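What follows is a short report on a single structure.
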Amino acid sequence: MNNTRTFYDGGKVITGLVIFVVLVTFPFWYNHGKAAPAPEPQLTEKAKAEKACIRPKNEMKSAHMQILNNWRNNVVRNADRIHETADGKRFEMSLSNTCVDCHSNKADFCDRCHNYVAVNPYCWNCHIDNPKETSK
Amino acid sequence: MKKSRRSFLQIAGVSALGLGLKPVADLVAAPAEHGEAPAERVLKNEAALKAKQWAMVIDTRMFESAADLEPIIEACHKIHNVPSIDHPRHEIKWIWEEEFKHAFPTQELRFLPERIEHLPFLVLCNHCEDPPCVRACPTKATFKREDGIVLMDFHRCIGCRFCMAACPYGSRSFNFRDPRPFIKETNLKFPTRMKGVVEKCNFCAERLAVGQMPACVEASNGALTFGDLEDPESDVRKLLSENFTIRRKQALGTGPAVYYII
């Protein structure tokens, strides 16, 4: 048997392959180095004046959903409504009346970050998102 | 590898012993974990009102017409963002008025006194001592609190409406549609509800928590009295010992905590 086989239409096949590879990898090199930057959550004047959140910033970033879950269970099921922080500050455990009181710029604070990470908490179907404004 | 029955039984015995020891070991280990108590804590407001079984006495002698009930209903529905939907099958109510024959269908009286026959009665969730709705709820969204209040945890409600079928008093309403457009004036301090959850009176749990009486009691000019049924010195017990009272559908054994002086 002859070992040298003929590569029919080599040019076309290789061009086709190159086009295929380019198309498939298009999203990768097109977005190269242009990853959407993580939004910097904006603090309100009130939050800036208060300086600290319920817990240190890093913990808030990673654990605020668990904190909120604990808050609602404590309030609704155990009738405990006050949260005392490690350094003795007291907060009413309320999503609208505490978190969104300090972070009253919900759209620039909570929403921007949530849009970036693609979470959409359904809390606002019931909880008021602008407790400071007069009714809509 | 061949094992003798003897060695198999030995290994099995030691394993069973090990399993039996695990809970004991856990018990010994547990206190160490609890030792480092977190500095953070949750607590109740000092002013919070407490009871073993909250109850209400409604003195119907102080009412003459629907106009007397209006401000009471209004006070409740306003602070709790209860929507006013006209459609009779979509309406939401926490406290409302009912004729005697509908509120007390088991109170067999062939000839009702004139006053009773035309008097509107104030009805609301009875916060039963043995609530059938709590047993019906598959997610424990509705539960009986330590102070006797039958409460809704809206976060757990899946809208199955078993509780509505279980409640003999029709105290529960289902949100067939988004309630927000039907709320005239939103109380920004209290959440609304959403399409797909059941709701009802909460005996103003959020007000008791900060030392206030329920809104309906406050708006009633003394016709409604609220207090601890288990405390012989409470206002409600005093009223109950001085007056003849009835409860709704008492024979069902749910133990309603709302009493009516007729």
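The values are calculated or read from the model by the stated rules, or taken from the named source; none is laboratory data. All figures in this text were calculated on a predicted structure; none of them were measured in a lab. Methodologically, a virtual Cβ is constructed for each residue, glycine included, from the backbone with ideal geometry; neighbour enumeration extends over all protein chains shown. With ligands, DNA and RNA removed, areas are computed over all heavy atoms of the protein, side chains included. Shrake-Rupley method; radii C 1.70, N 1.55, O 1.52, S 1.80 Å.
Could you give the dipole magnitude of chain B about its Cα centre, charging the beta-carbon of Lys and Arg +1 and that of Asp and Glu -1, in debye to the nearest 20?
On the way: 36 positive and 34 negative charges, 397 e Å.
Dipole about the Cα centre, nearest 20: 1900 debye.
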Am I reading the B/A interface right? What is its buried accessible area, both sides, 1.4 Å probe, to the nearest 100 Å²? 2700 Å²
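With a cut-off of 8 Å between alpha carbons and a minimum separation of six or more residues, what is the relative contact order of chain B in percent?
28 percent
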Provide the gained length on full extension for the span B:ALA251 to B:ILE116, in nm with one decimal, where the gain is 0.36 nm per separating residue minus the Cα-Cα distance. 46.5 nm
Please report the carbon-and-sulfur percent of the accessible area for chain B; probe 1.4 Å, protein heavy atoms only, DNA, RNA and ligands left out. 55 percent
In deg cm²/dmol, rounded to the nearest 500, the helical mean residue ellipticity at 222 nm of the protein assembly as shown, built from -39500 (n - 2.57) for every DSSP H run of length 4 or more, is -10000 deg cm²/dmol
Are there residues in the range A:87-136 whose accessible area shrinks by at least 30 Å² when all protein chains are included rather than the chain by itself, and which are they (probe 1.4 Å, ligands and nucleic acids not counted)? A:ARG90, A:ASN97, A:TYR122, A:ASN125, A:CYS126, A:HIS127, A:ILE128, A:SER135
When we measure straight from the Cα of B:LYS52, which lysines land under 22 angstrom away, once same-chain ones fewer than 8 places off are left out? B:LYS44, B:LYS140, B:LYS144, B:LYS200, B:LYS238
Let a ≥ b ≥ c be the square roots of the eigenvalues of the Cα gyration tensor of the range A:45-135; is it rounded (a/c under 1.5), or, if not, prolate (a/b larger than b/c) or oblate? rounded
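Charges at C-beta only: +1 for Lys and Arg, -1 for Asp and Glu. How large is the resulting dipole of the protein assembly as shown about its Cα centre, in Debye rounded to 20?
Numbers: 54 positive and 48 negative charges, 473 e Å.
Rounded to the nearest 20 debye, it is 2280 debye.
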A:LEU23-B:LEU43 pseudo-label distance in nm [points 7 Å out on the Cα-to-Cβ vector]: 6.9 nm
FRET efficiency for B:THR106 and B:GLU146 from the Cβ-Cβ distance with R0 = 25 Å, rounded to 0.05, comes out at 0.25
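Translational D (Stokes-Einstein, µm²/s) of the protein assembly as shown at 10 °C and 1.306 mPa s when Rh comes from the Kirkwood sum over C-alpha pairs? List each step's numbers first, then the result.
Details: Rh = 26.2 Å.
For these conditions, the coefficient is 61 µm²/s.
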Excluding ligands, DNA and RNA, the carbon-plus-sulfur percentage of the accessible area of the range A:45-135 with a 1.4 Å probe reads 52 percent
Which residue, chosen from B:ALA103, A:SER104, B:LEU69, occupies the Cα position most advanced towards the positive end of the dipole of the protein assembly as shown, where the dipole is computed from +1 (Lys, Arg) and -1 (Asp, Glu) charges on Cβ about the Cα centre? A:SER104
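Given the convex hull of the Cα atoms of the range B:172-226, what is a quarter of its surface area in nm²? The partial results should precede the final answer.
Values: hull surface 19.1 nm².
Averaging across all directions leaves 4.8 nm² for the Cα convex hull.
Which value, to two decimals, describes the C-alpha radius of gyration of chain B once divided by 2.2 N^0.38 Å? Could you put the intermediate results ahead of the total?
Numbers: Rg = 25.1 Å, N = 262, 2.2 N^0.38 = 18.3 Å.
It is 1.38.
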Shielding of B:186-193 by partners, i.e. mean partner chain Cβ atoms within 10 Å per residue? 6
Between A:GLU45 and B:ALA12, what is the label-point separation in nm under the 7 Å Cα-to-beta-carbon projection? 7.8 nm
Any idea what the relative contact order of chain A is, in percent, if you count C-alpha pairs under 8 Å spaced at least 6 apart? 25 percent
Based on Cβ point charges of +1 for Lys and Arg and -1 for Asp and Glu, what charge dipole magnitude is obtained for the range B:50-135 about its Cα centre, in debye rounded to the nearest 20? 420 debye
Solvent-accessible heavy-atom area per residue, rounded to whole Å², over chain B at 1.4 Å: 56 Å²
All other residues with a Cβ under 10 Å from the Cβ of B:SER220 taken together, and with Lys, Arg as +1 and Asp, Glu as -1, what is their net charge? -3
